[in-house]
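The values are calculated or read from the model by the stated rules, or taken from the named source; none is laboratory data. No experiment lies behind these values; they were computed from the predicted model shown. With ideal geometry, Cβ positions are generated from the backbone for all residues, glycine too; neighbour counts draw on all protein chains shown. To get the accessible areas, we keep the full protein, side chains included, count just its heavy atoms, and leave off ligands, DNA and RNA. Shrake-Rupley method; radii C 1.70, N 1.55, O 1.52, S 1.80 Å.
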Amino acid sequence: MSETTPQRNAFAKIYSQLSIRKKLVVLIAGVAGFVTVLAMLLSFFIELNLFKTRLLEEYQATARMTAGNLDAAIIFNDQRDASDVLSVLSVQSYIESAGVYLDDGTVFTSYTNEELELPPSIPPLDVETGFSDGKILIKEPIFDSGVLIAHLVLKASQGELNAFKFAHSTLFVSLLVGAIATAILLAKRLGSHVSRPVIELAETARRITEFQDVSSRQKRISEDETGQLVDAFNEMLEQIEKRSIALVQAKETAEASNRAKDDFLSVISHELRTPLNPIIGYVEILLRNASSENDRKQLSLVKQYAEHLQNLIDRVIDFSRFERGSILVNSEPVNYKRLCQNVLSLLDQQAQTKGLQLLCHHQHSPQELVETNTLRTDRIKLQQIVLNLVSNALKFTESGSITLTTILSKEEGAPHKLRIEVEDTGIGIAPGDRDTVFKPFSQIDSSLTRQYSGMGLGLAITQRIVQVLGGTIDFESETDKGTTFWLEIPVSPTDEIDPDPSIAPSVPEPDPEQEAKILLVDDQLVNLELGESLLTSCGHQVVCARSGADAIKYVQSESFDLIILDIKMPRMNGYETAKEIRKLESDSERTPIIALTAHVTTRGNEQCLEAGMDDLLSKPFNTERLNQITNKWLNRSQTN
């Protein structure tokens, strides 16, 4: 049993690897061979039994005839005459010996075939007619007037029977070989006929897979089951073609919808950022000039909520980028401990206002990693993760503390992991609200939205950033006791240096004695007045232009140290204006151009650089950002 099973499995494996045509040949040849063997074996055994019966009857007739001639010799006790009668048996070469036994069992006379190499023995009296020990034995009684006087016993070889078996076996093998050969020949032709539709069907399927052409159809060449298979295959292709067309249309619709959404967000972003720019700018100017504490308090509130609105717009844009999958990871050396401390320093004033403690702990496993401070990861995204989590904790915590914990670990056979935990003592999250935490534009309770404000995008964006970095994020929480958000991301320790911005050389201020001449181009008067006021307060000479054409005229007639150019202007936009300005310049004289735009898309940034601009200042901006970017390019121009 145990030996048969592996052989059967091997045969089944070999059979399963055959083509349909070869399987048909094997099956038909096997069946034909089995039926032929069965039929011929049955025929052989029937003919063998008939031949044995006939052979026995022939020898019995010979014995009967011989016994009839022996009665007189026995009566007269003439042994010589009896021997002469037995000698007639020599005409049958297969008779080996014979003996005449009287009724008292004595041998009266005998006969042996002298042509045999070994003289045969006389058969005994106590035998029965039939086949025994490879011989044919015949026992015939001899009567005189109805009285038994003797017995004649003949012994013959089975040569005739063996000759019959050999002849029929040869015929059997010849017929079997012929039948199997004929079956194989017919099976090949039949197999080709049966397998042809299947082979053509497979070829069509391969061609469709290779060329992605589902418009092909298989021709039906028979009315049997293979024809039904071809019909089903063609119907399947038709359904696939319809679905492919529907998918293409759905894809085009989705792409058009995404483009429309991007365009909508871009327009909304521009239209919201543009009025925010003078609001924030003029509030800063008013704050510097405010004399009473009450005025400063009110203006500070206006600035705070304007900046809050700006942050909300930025989050919507960020979420849209994640939805499109247009976020790339920029791997760089990052001192993660200093980054965490900087985030806490940024939010420290807000925490103090609420009476909260901000704590920070760093852990390592194994302890040898304690000296590792710099990791390769995306600085901006890591900072945004920590900032979002700590800001979220600040929002929902009224008393107690917020603890930021980092754990740098390394397991054998696995990359380094950085785990960040932000634990608060806030309101907590109920188990039933768990599924809504990372959903965009949602909060666990509508009443919380009114109480704590926000759009519900911070954690959704954080989750997507963590996923982009190849990590996981989750949380544990208990209602009215607090929440701990945690995340793990893969990192790589590095010996590269991450410069500390707090001790980096600051951008030198422009020489007060060397007044910078700046061309400010914007189609909106309020932005021109704001920009002129901010730049003039820094000691620069400002020339204002309200269109691209006016800006080109000024460039043709005057020279400038810096050009600040709005992108969205009627008739000639900022891209076209920058290209025309670059055409007017020589290779040795190139004036830095800073794009002023409310568009914050990656494509918008690329278009600015393609148009020949050097940098980009996004709206709304404050005095600090304006000074930083102008000083950067003015000092670079002075160095050149």
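Observations, loosely collected:
- The stretch 68-116, subset closer than 18 Å to A156 by Cβ and in contact with a Gly (Cβ under 6 Å, 6 or more places away or on another chain), residue surrounded by the most Cβ atoms within 10 Å (Cβ to Cβ): S110
- Odd one out for I563, checked against (1) within 51 Å of the chain's Cα centre (by Cα); (2) at pLDDT 90 or above; (3) of a type outside the set (G, A, S); (4) open to solvent by less than 50 Å² (accessible area, probe 1.4 Å): (1)
- Residue match in the stretch 133-145 (condition: open to solvent by less than 50 Å² (accessible area, probe 1.4 Å), small (G, A, S) and either under 17 Å from Y59 (Cβ atoms) or in a loop (DSSP other than H, G, I, E, B) (or both)): yes
- Residue check, L137 under 30 Å from L41 (Cα atoms) and at pLDDT 90 or above: yes
- Candidates G454, G426, filtered to the one that is at pLDDT 85 or above and either aromatic (F, W, Y) or part of a loop (DSSP other than H, G, I, E, B) (or both): G426
- Test: residue in the stretch 258-271 that is of a type outside the set (D, E, K, R), over 30 Å from L528 (Cβ atoms), at pLDDT 70 or above and in a helix (DSSP H, G or I): yes
- Any hit, the stretch 27-42, residues being touching a Gly at 6+ places or on another chain (Cβ under 7 Å), within 30 Å of I199 (Cβ to Cβ), assigned to a helix (DSSP H, G or I) and at pLDDT below 90: no
- Subset of the stretch 146-172 [assigned to a strand (DSSP E or B), β-branched (V, I, T) and open to solvent by 40 Å² or more (accessible area, probe 1.4 Å)]: V147
- Of all the criteria given as (1) touching a Pro at 6+ places or on another chain (Cβ under 9 Å); (2) modelled with pLDDT under 60; (3) of a type outside the set (S, T, N, Q), the one not satisfied by D445 is (1).
- Total residues in the stretch 374-401 satisfying the condition of being hydrophobic (A, V, I, L, M, F, W, C) and open to solvent by 10 Å² or more (accessible area, probe 1.4 Å): the figure is 3.
- With respect to the stated conditions, Q357 fails to be exposed (fewer than 15 other Cβ atoms within 10 Å of the Cβ), within 20 Å of P490 (Cβ to Cβ), modelled with pLDDT of 90 or more and of a type outside the set (V, I, T).
- Residue under evaluation D480, criteria (1) in contact with a Gly (Cβ under 8 Å, 6 or more places away or on another chain); (2) at pLDDT below 85; (3) among the acidic types (D, E), criterion not met: (2)
- Residues of the stretch 415-427 include none that is within 21 Å of G470 (Cβ to Cβ), in contact (Cβ under 8 Å) with a residue 60 or more places away in the chain and touching a His at 6+ places or on another chain (Cβ under 6 Å).
- Given (1) open to solvent by less than 50 Å² (accessible area, probe 1.4 Å); (2) of a type outside the set (S, T, Y); (3) at pLDDT below 80, index of the condition A63 fails: (3)
- Scanning the stretch 477-498 for residues that are in contact with a His (Cβ under 7 Å, 6 or more places away or on another chain) and basic (K, R) returns no hits.
- Some residue of the stretch 599-618 being touching a strand residue (DSSP E or B) at 6+ places or on another chain (Cβ under 6 Å), within 18 Å of P278 (Cβ to Cβ) and at pLDDT 85 or above: yes
- Considering residues of the stretch 17-45 that are over 19 Å from S174 (Cβ atoms) and of a type in the set (V, I, T) only, the residue least open to solvent (accessible area, probe 1.4 Å): V25
- Cβ-Cβ under 8 Å pairs, at least 6 apart or on other chains, the stretch 340-363 side part of a helix (DSSP H, G or I), far side among the charged types (D, E, K, R): K354/E398
- Check on L276, of a type in the set (A, V, I, L, M, F, W, C), surrounded by 13 or more Cβ atoms within 10 Å (Cβ to Cβ), farther than 26 Å from N388 by Cβ and at pLDDT 70 or above: no
- Cβ pairs under 9 Å, 6+ apart, first in the stretch 468-481 and closer than 11 Å to G426 by Cβ and of a type in the set (V, I, T), second open to solvent by 70 Å² or more (accessible area, probe 1.4 Å) and not in a strand (DSSP E or B): T479/P431
- Scanning the stretch 327-339 for residues that are open to solvent by 40 Å² or more (accessible area, probe 1.4 Å) and assigned to a strand (DSSP E or B) yields one hit, E332.
- Scanning the stretch 361-372 for residues that are modelled with pLDDT of 90 or more and open to solvent by 40 Å² or more (accessible area, probe 1.4 Å), we see that the one that is farthest from L418 (Cα to Cα) is H361.
- If you check L229, L286 for being part of a helix (DSSP H, G or I), closer than 30 Å to K619 by Cβ and at pLDDT 70 or above, only one passes: L286.
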